[in-house]
1. Quote to one decimal, in nm, the extra length available between A:I94 and A:F69 on full extension: 0.36 nm per residue of separation minus the C-alpha distance between them.
2. Say the dipole of the protein assembly as shown comes from +1 at the beta carbon of Lys and Arg and -1 at that of Asp and Glu; which of B:S98, B:L79, A:F69 then lies farthest toward its positive end?
3. Given the peptides B:56-63, A:74-81, B:39-46, A:93-100, arrange them by the average over their residues of other C-beta atoms within 10 Å, most packed first.
4. Going by how many other Cβ atoms sit within 10 Å of their own, how do A:H27, A:H22 line up, fewest first?
5. So if we plug the beta-carbon distance of B:R87 and A:L138 into 1/(1 + (r/R0)^6) with R0 = 45 Å, what FRET efficiency do we get, rounded to 0.05?
6. What do you get for the angle between helix A:2-21 and the principal long axis of chain A? Use alpha-carbon atoms, 0 to 90 degrees, nearest ten.
7. Quick check: convex hull over the Cα atoms of segment B:1-89, volume per residue in Å³, rounded to an integer?
8. Applying a 10 Å radius around every beta-carbon, put B:10-22, A:122-134 in order of their mean neighbour count, most first.
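What follows draws every value from the coordinates through simple rules; no lab data is involved. Just so it is clear, the structure is predicted and the values come from calculations on it, not from any experiment. Positions of Cβ are backbone-derived with ideal geometry, glycine not excepted, and every protein chain shown enters the neighbour counts.
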Amino acid sequence: MNTVFFIAAGVAVISTLLVICHSNAVHALLYLIISFSAVAVIFYLMGAPFVAALEVIIYAGAIIVLFLFVVMMLNLGPVATAQEKAWLQPRMWIGPSILGAILLALTVSLLWRGAPTAAGGAEVGPRQVGAALFGVYLLAVQLAALLMLAGLVGASHLRRRELLPESETKTELLP
Amino acid sequence: MTTLPMEYGLTLAMVLFALGLVGVLVRRNLIFMLVSVEIMLNAAGLAFVTAGMRWGQPDGQIMFLFILTMAAAEVAVGLAIIVRLFRQENTIDADATSKMRG
């Protein structure tokens with residue numbers, strides 16, 4: 001089980017590294033799908049199959065598809081890739097990498113100070129999650145619904161006004 | 001089912017979070033910055049689920065569901081803002097937003 005965890009964790013870390021290093025947006029998003037899938041494997045290993053399914057369906061499915069739609073709608077092309085390569089000089093990585101490494105070293109050293117404790121002994125399935133979600137956390141579910149409504153209204157408001165003058169030019173772009 | 005130490009999951013969550021943080025700091029492309037924020041949110045969700053499984057309770061998974069909801073709403077609004085900025089400025093450079101007024 002530990003072997004599976006280490007393989008999945010390695011895949012997740014390497015694909016995430018490729019996401020933040022890649023200059024082509026579509027390729028980076030495809031690597032992000034692999035990263036999310038590896039995290040889903042880890043969720044399954046820990047005994048949380050419901051969350052693993054949600055990770056694949058919503059993160060690797062819906063959210064990445066939304067990103068891909070926007071990247072393809074903006075139609076950036078090879079010019080943007082060249083510009084990304086020009087922006088990503090090696091010396092730009094020095095400062096953020098040092099800061100991130102300091103943060104990581106501090107938290108990991110704090111975490112590994114005591115003896116390791118076991119986790120994921122028993123599986124917590126969808127039945128228990130659903131019972132708690134619509135029992136104790138019912139108010140939070142309604143608040144989440146309000147948040148989604150706010151997101152919907154905000155997104156539609158931001159897209160609304162420019163649609164009228166842009167509609168002619170948009171149809172010309174289609175083959 | 002053998003048990004997995006909690007520290008493994010939390011360490012992976014911290015590594016992913018640090019990678020997302022470096023991504024936000026390094027990239028100037030707004031789409032990549034949003035992607036890096038997604039990586040950080042996913043790492044936070046991984047930490048929540050790991051801590052929930054430590055006690056064998058469903059609460060961590062429920063917090064992951066709320067993080068998922070928040071990430072979806074954030075991506076919808078963020079991508080709408082990016083599309084609007086691209087229509088106005090014809091770029092998705094993060095520095096272009098410094099010219100905004102009001």
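1. Contour length minus the Cα-Cα distance gives 5.8 nm.
2. B:S98
3. Packing proxy ranking, top to bottom: B:39-46, B:56-63, A:93-100, A:74-81.
4. Working: A:H27 13, A:H22 19.
The fewest-first ordering by Cβ neighbours comes to A:H27, A:H22.
5. Working: r = 41 Å, r/R0 = 0.91.
With a Förster radius of 45 Å, E is 0.65.
6. Helix A:2-21 sits roughly 30 degrees off the main axis of chain A.
7. On the way: hull volume 7.1 nm³, N = 89.
Convex hull of Cα atoms, per residue: 80 Å³.
8. B:10-22, A:122-134
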